[in-house]
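Report on the structure given below.
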Amino acid sequence: MIVISSLVLFTSYFFISNQYDMFNREIKDIKNTFIQSQKKDIKREVDSVIEYIKYKKSLKNYSRKKLQKEVMGLIKNIKFGENKNNYIFAYKILNYNGGKRFAKMLINPNRLDLVGKYISDDYKDKNGKEFRKIFLKDIKKQGYSFVTYLYQKPNSFEIRPKVSYFKLFKEWDWVIAAGTYLDDINAKIAQKKDEIKKKMYLDITSSILIFLLFSLVANIFAIVLGKQIDKFFKEYNTKILNKTDELEMLNKTLENRVAQEVQKRAEQERLLIEKSKFIALGEMISNIAHQWRQPLSQLSAIIMNIKFRYTLGKLDDETMIEKSKEAEKLLDYMSETIEDFRNFFKPEKEKKEFALKESIDNVLGIIGKTIKNQNIELKLNIDEEIIVFGYKNELEQVLLNILSNAKDVLLKNRRKNPHINITAKKEKSRFRICIDDNGGGISIKPIEKIFEPYVSTKGDANGTGIGLYMSKIIIEKNMGGKLKAHNNKFGAKFTITLGHI
């Protein structure tokens, strides 16, 4: 309840402070908007006079003196603004560098005592601001100026803030100007303040009432919830006591249950291995088809040739013997292919020594032609002296799986100049086999997840997600090595680390 009440008080304080900040910003915006609006009004009046002068000049039926007299008469009669207190005045610039007699006052309905007299740029308003020097500097630079200063109001001796717009009509050296007094803004701001304050106080009052209501409801809820929590903990404590005996019994049987779970896990892994082999077998059948396609075509051609010669009566003994030898050679090749595939899946019960180069050659004998038929370049850098102690067939299954994945990725991503690199080198008491490609890399993050079961880089339709999982089990559990993967600049790289003889 204390926390809820404190939060409500803090939120209320923050809300009220925010309302006052918004109020001050809104008042400031109103003031700026009013001043900008007044500036637009006086600029429009001055620009209208100058446009009038330019228009009359374009008629070419006025002398300069006559037109200036007409313009002065026009300016004297211009009054604008809400109370018609604003007027237009004009100087004739005699010295753009300023000085005691830098200009002559031509028109000023508010200061008739200055009309026709020379004026100085040293004049200061009540705050000491030399506004004439400011506007003179601006019109020399850009032809116009906005200046705020204090000046006497018309028909009064009151000094009030005023903003004026000065614009140079260079041809006559005239500065046409108009100003507006800003003290009217205080009344408007005061009126707007009252309106905003009323709205703000109403918002604050409504919000405080809502906060108080929320605090009341929240505190009631806290009381009810507290009772429910107390009841829950009492029931929970009872359940804990009841479960203690069950937990003690569970601990007594835990060892047996763990052994059963380990056995189940081992059985699952064995089934996964078998499943992986069946999947690999399917891929091998596809590779057999690739291996047999060319010899079958050649065998068919030999038979056709024999048949054709027999039909023409030109099948002699020499030709028959020659073609029979060719057919036998092709059949031997196909038989060797079947033997290679049969040996590949033959289970091994004991570890033995074997040459790594021979295993890699066996794998390439199975999948190499398939890779080359897809225009994928194979680059080999194998240390032929490496002797491995382990399960030969299982290592070959791992290599076949990684190469098959690399091939599929390159075909899927349609990489330019696709290639697969196989490198095997000694490193002190161990050796490393590295297989990398330029297929674009592995998108799964973190990358170690690819070795988890049923996580596939090929999508649900094309992958089972157990190939790399089983490869890691074979390398790390069965052969005591390491299998890792990472992305390089162009694609994925798999590294197998094993001990050697």
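The numbers here are math on the coordinates, done by the rules we state, and not lab data. Everything numeric here is computed off the predicted structure, so don't read it as measured data. Reconstructed Cβ throughout: ideal geometry from the backbone, glycine too, with neighbour counts over all protein chains shown.
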Legend entry - Local electrostatic count at Glu235 - Lys and Arg +1, Asp and Glu -1, tallied over other residues with Cβ under 14 Å: +4
Legend entry - Net length gained if the chain between Asn95 and Lys369 were fully extended (0.36 nm per residue, minus Cα distance): 88.9 nm
Legend entry - Karplus-derived 3J(HN,Hα), 6.51/-1.76/1.60, for each residue of the stretch 24-30, Hz, glycine and proline x: 5, 5, 5, 4, 4, 5, 4
Inset, instruction - Report the far tail of the P(r) of the stretch 10-139, meaning the percent of Cα-Cα pairs longer than 24 Å. - result: 50
Inset, instruction - Could you state the orientation-averaged shadow area of the convex hull built on the Cα atoms of the stretch 348-499, in nm² to one decimal? - result: 8.9
Legend entry - Residue exposure sequence - Asp230, Asp436 - by fewest surrounding Cβ within 10 Å: Asp230, Asp436
Legend entry - Alpha-carbon Debye profile of the stretch 159-244, log10 I(q)/I(0) at 0.16, 0.20, 0.25 Å⁻¹: -0.87, -0.98, -1.11
Legend entry - Net charge, Gly98 excluded, C-beta distance under 11 Å - Lys, Arg +1, Asp, Glu -1: +3
Inset, instruction - Report the local net charge at Ser206: Lys and Arg +1, Asp and Glu -1, summed over other residues whose C-beta lies under 13 Å from its C-beta. - result: +1
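Round to the nearest 0.05 the FRET efficiency obtained for Lys31 and Arg160 when R0 = 25 Å and r is the Cβ-Cβ distance. Mind dumping the intermediate values first?
On the way: r = 16 Å, r/R0 = 0.62.
FRET efficiency, Lys31 to Arg160: 0.95.
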Inset, instruction - Using the Karplus curve 6.51 cos²θ - 1.76 cosθ + 1.60 with θ = phi - 60°, work out ³J(HN,Hα) for each residue of the stretch 442-452 in order, rounded to whole Hz, and write x for Gly and Pro. - result: 9, 8, 5, 10, x, 5, 5, 5, 5, 8, 7
